[in-house]
Structure formats: C-alpha cells, structure tokens
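To keep things clear, I will list the structure first and then write my remarks on it.
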Amino acid sequence: MRFPRSSSLRWQPYLEVKPLIDLAPMIDIVFQLLIFFLLTSSFIFQPGIKINLPRAVTSEVIHEPTAIIAMTAENLIYFEGRVVTMAELKSRIQTVAEREQPLLIKADRKTSLGRVVEVWDLCRAAGIEKINLATNQELR
C-alpha cells in the first residue's frame, strides 16, 4: 500500500463542519442539582446563647456529659438553654447533684465575678463535686 508523500491537505467540504456540543442537557442537569440541594438543605436559624468565653492556656477538653449553666454579659442565667431565676437554678442544681453529674459553667468575659461565685457556691452547697469553667484555648 502506497501513501501519498505530499503534506498538503486537499480541500474536502465535509471536513469543514465542526462538531457542536449540545449544552441543553448539561444545563438541565445543573439546574436539577441546584434545585435538589436547595430543597434538601435546611435554612432554619439555630438559636443560641452568645457568650464570649475567656481564654486560658491550660484548658482541657471534657469528654463526659455535663449539665451546662450559661451566664451572659447581661447577667442572664441559662440552665440547659432555658432562662432561669436563681430559685429555679437552685432546684435544678439539686437534681444534677442527685444524679452525681458534673457541671459546666460557661460565663461570658464581661459577667460579674460576684455572679459567677454565687452560682459556684450554689453548686458546692448542693453537693456537686465536679464543677468546670468553660474557656477558649489560647494558642501560645
């Protein structure tokens, strides 16, 4: 079999038609994925308590389940996410003491020290042995 040795291309009209990629199916798939992710994701706002924890170099991670008392800068006290008064807090601390569960106090940086000590004393008077203070770990 002999091949032509000339490197010139001959004009062939059927080679000038360039193949086209149809983008309609790809756009359909992208829109379907967009709609799927919009419908399956949740846009529910998760409420929480805004607390700026103090920083400490010697903080440790607690791995056991604890009851949580949160204290905001406005001196509001939350027990397990609900606002409580000092009288309600005292009764709830009693139930924690009966279960012998550890307690975690999350106090904002701007919370008065007197208020933190008052809650700490309630916990100690109820007989809770393990009381922890929440902090952010400071990088050295």
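The values are calculated or read from the model by the stated rules, or taken from the named source; none is laboratory data. On a predicted model such as this, the values are computed, not experimentally measured, just so you know. Using ideal geometry, Cβ is built from the backbone for each residue, glycine included, and neighbour counts are taken over all protein chains shown.
Values computed for the structure shown
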| read-out | value |
| --- | --- |
| Selection within region 91-126 - more than 21 Å from Ala56 (Cβ to Cβ) and β-branched (Val, Ile, Thr) | Ile93, Thr95, Val96 |
| Selection status of Ile131, modelled with pLDDT of 90 or more and either touching a Phe, Trp or Tyr at 6+ places or on another chain (Cβ under 9 Å) or of a type outside the set (A, V, I, L, M) (or both) | no |
| Qualifying position, being touching a helix residue (DSSP H, G or I) at 6+ places or on another chain (Cβ under 7 Å) and surrounded by 11 or more Cβ atoms within 10 Å (Cβ to Cβ), among Lys106, Lys110, Lys90 | Lys90 |
| Residue check, Thr95 surrounded by 14 or more Cβ atoms within 10 Å (Cβ to Cβ) and within 29 Å of the chain's Cα centre (by Cα) | no |
| Residue check for Leu122: surrounded by 12 or more Cβ atoms within 10 Å (Cβ to Cβ), at pLDDT below 90, under 19 Å from Thr66 (Cβ atoms) and among the aliphatic types (A, V, I, L, M) | no |
| Members of region 52-84 found to be over 18 Å from Val96 (Cα atoms), surrounded by 12 or more Cβ atoms within 10 Å (Cβ to Cβ) and under 18 Å from the mean Cα position of the chain (by Cα), listed by number | Asn52, Leu53 |
| Test: residue in region 108-126 that is closer than 24 Å to Asn52 by Cβ, within 27 Å of the chain's Cα centre (by Cα), among the hydrophobic types (A, V, I, L, M, F, W, C) and not in a helix (DSSP H, G or I) | no |
| Considering residues of region 65-90 that are touching a strand residue (DSSP E or B) at 6+ places or on another chain (Cβ under 9 Å) and free of Cβ contacts under 8 Å to residues at least 12 places away in the same chain only, the residue farthest from Lys50 (Cα to Cα) | Glu88 |
